[in-house]
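Visitor: I'd like to ask you about the structure that follows.
The values are calculated or read from the model by the stated rules, or taken from the named source; none is laboratory data. Everything quoted here is computed from the prediction, not taken from an experiment. Note that each Cβ is placed from the backbone with ideal geometry, even for glycine, and that neighbours are counted across all protein chains shown. These area figures cover heavy atoms from the full protein model, side chains too; ligands, DNA and RNA do not enter into them. Shrake-Rupley method; radii C 1.70, N 1.55, O 1.52, S 1.80 Å.
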Amino acid sequence: MRGRSWTKKLDFSQKVQLLTALLTLALVALAGAAPIQAHGGGTPQLVQASSGPYQLYTWTDPDPPRAGPIHVTVALVDPATQQPVLDANVQIVATPGEGSQPVTALATHENAVIKTYYEADLDLPAAGTWQVTVAHSDTAGSGSAGFALDVQPAARNWRPIGIGAVLAVIAIGAWFVLKNNGQSTV
Amino acid sequence: MTTALLFSWDMRPEVILLLGLLAVVYLRGWLRLRALPVAAAAQSQDQHRALAAGWRLATYWAGLLTLAVSLMSPIDVLGGQLFLMHMTQHLLLTMVAVPLLLIGNPFPVLMWGLPRKARRPVSAVLSERSPVRRPLAMVTSPGVVWLLYISALIGWHDPALYNLALRNPFVHDLQHLSFFITTMLLWWHILGAAPRLHRSLSAGQRIVYTISVVPVNMIIGVVIAFAPSPIYSHYLGVPRLLGLSVMEDQMIAGILMWIPGSEMFFWAALIVLTQIVNAEAKKPVQTNAPWLVDEQVAVSVR
């Protein structure tokens, strides 16, 4: 109720200013929060690899791969028709050279931007060479293909610091605007 | 499969918010211009009303909508699989969205949509006394803009850069941003939209300026369309869609750049030419013009 009475005191112009400021803040936060991922692409790892009854394409992102989340995109194609296969079960297993446990993820259309592809995120805990296997199965049969992924150590994440700095600048600017707001109206 | 492709949208929150913010600020400016008090000077009020004409709001919002479609719809998503989709996306961005946005003359309307305190620094930067204005005018002069546009056009069609853009989303965004900004600056000179930092081009100069970019655009389009082998290796490593081979896809993309990509500049030049003809037609008839004398002589011959 207190919040409602606070907004009631604002005139239309101030409400628009407030809305604009909130939208700007949300824009900065969103632009910074989501890591840029190559949905439906990235670095090709498997191209037209024969796998059971189908041909397999696989891409990974980022390039170079670093410890942490690795985005994997998979496409299954029927070699006879060159049409994408849409209703297969696709699983990705990353096995480390030594030490860590294997990491598994289910690649689905729901995770994919291109709905003819299958996508998943693998959270690889350590650097090193990982053997990645893409396995699929459906009524036509099953198959798998793999590739070695040389994972670099995790990079320092500057993103939160950058977002914080931008938000601080916006907050200081907004404070100056609000401080002098009573002296003039738009 | 068609349904799967039609549902392939990449709803990017930062794009939605940015375009939404521009739409709201433009609408606010447009409404404020329309609601100017009657006490304002009559001529000024008419000018403001002309800025806030309904069709300007419609074209500006259509421009934003075109941007949204080109950046988030299946046209964007499938650009990595089909060269012709990627070319369509670039044409939508540069040949449709940009002119539509600039026909809405966004600068003054967006300024009216901003809070007064935000307007002041922008006005200060563009004022005659601002130290920034002169360098800004220099780097955005028609010649420099022409060079920037051509450089971006040729540079981004280099196979190494183009492949990199398709592999790296950050570089891909940079490619789109550079196409958008350089084309925005080019159309800014062609359409003569605000802010006016330079002496306006005459109608003749505008025609020459508009047509001058066509040969480069056409040559790149023709080279792509008639290339004997795939130019961009990225498309060799992706599944083929719509039953198109890599070469068929490449040829269609080249033709798209060559013909519709150049056509928009011809239309712009044609519109300026029509304006010249109309302006000439509105000039008063000279009663003592030589041809009138000739006509009288001809009529008086018996």
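Visitor: Is it the case that some residue within the stretch A:106-113 is closer than 19 Å to B:Pro169 by Cα and away from chain B (no Cβ under 14 Å)?
Guide: No, because not a single residue in the stretch A:106-113 is closer than 19 Å to B:Pro169 by Cα and away from chain B (no Cβ under 14 Å).
Visitor: Let me ask something else about it. Given the residues B:Val171, B:Val125, B:Val144, which is the only one that is assigned to a helix (DSSP H, G or I), aliphatic (A, V, I, L, M), without any contact (Cβ under 8 Å) to a residue 40 or more places away in the chain and open to solvent by less than 40 Å² (accessible area, probe 1.4 Å)?
Guide: B:Val171
Visitor: Residue by residue through the stretch B:131-141, note down the ones that are within 19 Å of the chain's Cα centre (by Cα) and surrounded by 13 or more Cβ atoms within 10 Å (Cβ to Cβ).
Guide: B:Thr140, B:Ser141
Visitor: So B:Val77 fits all but one of (1) out of contact with any helix residue (DSSP H, G or I) (no Cβ under 7 Å at 6 or more places or on another chain); (2) assigned to a helix (DSSP H, G or I); (3) surrounded by fewer than 18 Cβ atoms within 10 Å (Cβ to Cβ); what number is the exception?
Guide: All conditions are met except number (3).
Visitor: Whether any residue in the stretch B:193-202 is at negative phi and not in a loop (DSSP other than H, G, I, E, B) is what I want to check.
Guide: The answer is no, given that none of the residues of the stretch B:193-202 is at negative phi and not in a loop (DSSP other than H, G, I, E, B).
Visitor: Filter the stretch A:109-137 down to the residues that are touching a helix residue (DSSP H, G or I) at 6+ places or on another chain (Cβ under 6 Å) and of a type in the set (Val, Ile, Thr) and list them by number.
Guide: If the condition is that a residue be touching a helix residue (DSSP H, G or I) at 6+ places or on another chain (Cβ under 6 Å) and of a type in the set (Val, Ile, Thr), then A:Val113, A:Ile114, A:Thr116 are the ones that fit.
Visitor: Do the conditions hold for A:Asp150, that is, is it touching a His at 6+ places or on another chain (Cβ under 7 Å) and open to solvent by 40 Å² or more (accessible area, probe 1.4 Å)?
Guide: Against the criterion (touching a His at 6+ places or on another chain (Cβ under 7 Å) and open to solvent by 40 Å² or more (accessible area, probe 1.4 Å)), A:Asp150 does not qualify.
Quick grid of which residues meet (1) at pLDDT 95 or above; (2) open to solvent by 70 Å² or more (accessible area, probe 1.4 Å); (3) within 30 Å of B:Ser245 (Cα to Cα); (4) not aromatic (Phe, Trp, Tyr):
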{"position": "A:Gly32", "(1), (2), (3), (4)": "no, no, no, yes"}
{"position": "A:Thr43", "(1), (2), (3), (4)": "no, no, yes, yes"}
{"position": "A:Pro62", "(1), (2), (3), (4)": "no, no, yes, yes"}
{"position": "A:Ala80", "(1), (2), (3), (4)": "no, yes, yes, yes"}
{"position": "A:Val85", "(1), (2), (3), (4)": "no, no, yes, yes"}
{"position": "A:Ala112", "(1), (2), (3), (4)": "no, no, yes, yes"}
{"position": "A:Leu122", "(1), (2), (3), (4)": "no, no, no, yes"}
{"position": "A:Ala126", "(1), (2), (3), (4)": "no, no, no, yes"}
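Visitor: Scanning the stretch B:1-16 for residues that are at the interface with chain A (Cβ under 7 Å from one of its Cβ atoms) and open to solvent by 30 Å² or more (accessible area, probe 1.4 Å), which turns out farthest from the chain's Cα centre (by Cα)?
Guide: B:Met1
Visitor: Checking the conditions here, which among B:Leu22, B:Leu65 is over 30 Å from B:Leu242 (Cβ atoms), at pLDDT 90 or above and open to solvent by 30 Å² or more (accessible area, probe 1.4 Å)?
Guide: B:Leu22
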